[in-house]
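Before any comments, here is the structure.
The values are calculated or read from the model by the stated rules, or taken from the named source; none is laboratory data. Predicted model, so just to flag it, every value in this text is computed and none were measured. All Cβ positions, glycine included, derive from the backbone under ideal geometry; neighbour counts span all protein chains shown. With ligands, DNA and RNA removed, areas are computed over all heavy atoms of the protein, side chains included. Shrake-Rupley method; radii C 1.70, N 1.55, O 1.52, S 1.80 Å.
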Amino acid sequence: MSFIHGDGLEDVVITGENGTIDGQGDIWWNMWRQRTLQFTRPSLVEFVNSRGIVISNVIFRNSPFWNIHPVYCSDVVIRYVTILAPPDSPNTDGIDPDSSSNVCIEDSFISTGDDLVAVKSGWDEYGIAYGRPSSYITVRRVTGSTPFAGVAVGSETSGGVENVLAENINLYNSGVGVHIKTNIGRGGVIKNITVSELFMENVRTGIKVAGDTGDHPDNNFNSNALPYVKDLTLKNIWGVNVQRAGWMHGIENATFTGICLSNVTLQGTTGPRPPSWNCNAIRGAAIEVSPRPCAELTSVEQSGSCASHS
């Protein structure tokens, strides 16, 4: 059970004059590392089947697991929050909207040991059976650092994820700038994802799109349940000290399509070799992208992917 938990609620406000809620997660992290946990770790705040949630002006520290987790929720606003956890703390995601709709995350600082914001929608056959997508998610004016991803979709996306906008994001000392991740057995459709006005500095990989990420809850997943990823727009992105520009690998027989990179500049670390792109099973287009993107993003038949940005 999460420290703050609610099910079937309406019109809930959690706010304070930047007071602190401390999950004392190190006890849980150590048990997890030592494999002595008999139960799953709790989130710090979790709302289920609820609507009309406002979380603002609070500092969240040291969650045992994910920090803020709205699942099967709608009309959620999270703003002016600070979320902190050590960079080596396991699975301490900042904010994870999960099978939820009409969510706004804005004006916040997040520095944790896992993804800062990760949009999810169910795990393999269970998420497919429930079939509730995450949709209409807005993330804006968020700053932070993490050894993992600043803005992520997945990897649990079995209910589908659509209509996500992330803009005005600033990332420092992080693993990945943007990470769209899923896997065989997930199923679901990821579409209409836009990331714009993102700045990153000291990042291992600028943009990562992967169809082989994340484990499975059990062995009952359907290996024929392939996820479909389409219509990803990544525009007005600037990075300095980026070790690798991009890693974009779709799934054979389920090529990721409609990828648009527009006005993307990812400068490498000091030295003569620029950061590189590595692509497979994707199709899309690129306009004003440096370093030069892979051939899969310059195909003539996909030039329409960036039609509105030319």
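Observations, loosely collected:
- In the context of the full protein assembly, residue 15 retains an accessible surface of approximately 90 Å², using a probe radius of 1.4 Å and ignoring ligands and nucleic acids.
- Cα-Cα P(r), segment 78-124, percent of pairs per 5 Å interval: 6, 20, 28, 23, 16, 7, 1
- When shorter helices are ignored and each DSSP H run of at least 4 residues is given -39500 (n - 2.57), the per-residue value for the chain at 222 nm works out to -1500 deg cm²/dmol.
- Remark: relative contact order (segment 1-124) = 23 percent; criterion is Cα-Cα distance under 8 angstrom and separation of 6 or more residues.
- What separates the Cα centres of segment 8-22 and segment 195-213 is a distance of 31 Å.
- Rotationally averaged projected area of segment 221-296 (alpha carbon convex hull; nm²): 5.7
- Cα-centred dipole magnitude for the chain, charges only on beta-carbon of K, R (+1) and D, E (-1), debye, nearest 20: 760
- One compactness figure for segment 189-260 is 1.30, namely its Cα radius of gyration divided by 2.2 N^0.38 Å.
- Global form of segment 62-154, assessed from the alpha-carbon gyration tensor, a/c cut-off 1.5: oblate
- Entry note, segment 93-221: relative contact order of 24 percent, from Cα contacts under 8 Å with a spacing of 6+ residues.
- Whole-angstrom Cα spans of segment 25-71 along principal axes, big to small: 39, 23, 8
- Semi-axes of the equivalent ellipsoid of segment 1-143 are 22, 19, 14 Å, computed as sqrt(5λ) over the eigenvalues of the C-alpha gyration tensor in descending order.
- A simple packing score, the average count of other Cβ atoms within 10 Å per residue, orders the peptides 131-139, 209-217 as 131-139, 209-217, with the highest score first.
- Semi-axis lengths, largest first, of the ellipsoid equivalent to the chain are 30, 22, 19 Å, with √(5λ) applied to each eigenvalue of the Cα gyration tensor.
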